[in-house]
Amino acid sequence: MADGIILERAGVPTAVVGTDAFRGAAEAMAQFQGAPGYRFVAVPHPVESLTEVQLMELSERFIEEVIELLLTRPKAE
């Protein structure tokens, strides 16, 4: 989360993706970084045990959300 916010502040379009198990931690980090409400994509946890095929399927499920973040993200202040 912090890296995404820092990159966006530097002008780099970013879409942060994390698992839903870490939603609270991600939201806390956004608050700490001065970007409360920072939008990110939360995918189902866990991902480390998924096969390559399953990861591709998961990516296909969430790609539209990632694209939306990249195209509609307001600049981080």
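Rule-based calculations on the coordinates, nothing more; no lab input. Only a predicted model underlies this, so the values are computations on that prediction, with no experimental measurement involved. Cβ atoms come from the backbone with ideal geometry, glycine included; neighbour counts cover every protein chain shown.
Annotations for the structure displayed:
- Check on A28, assigned to a helix (DSSP H, G or I), more than 18 Å from L71 (Cβ to Cβ), in contact with a His (Cβ under 7 Å, 6 or more places away or on another chain) and of a type in the set (A, V, I, L, M): no
- Number of positions in segment 32-61 that are part of a helix (DSSP H, G or I), of a type outside the set (D, E) and farther than 11 Å from I5 by Cβ: 7
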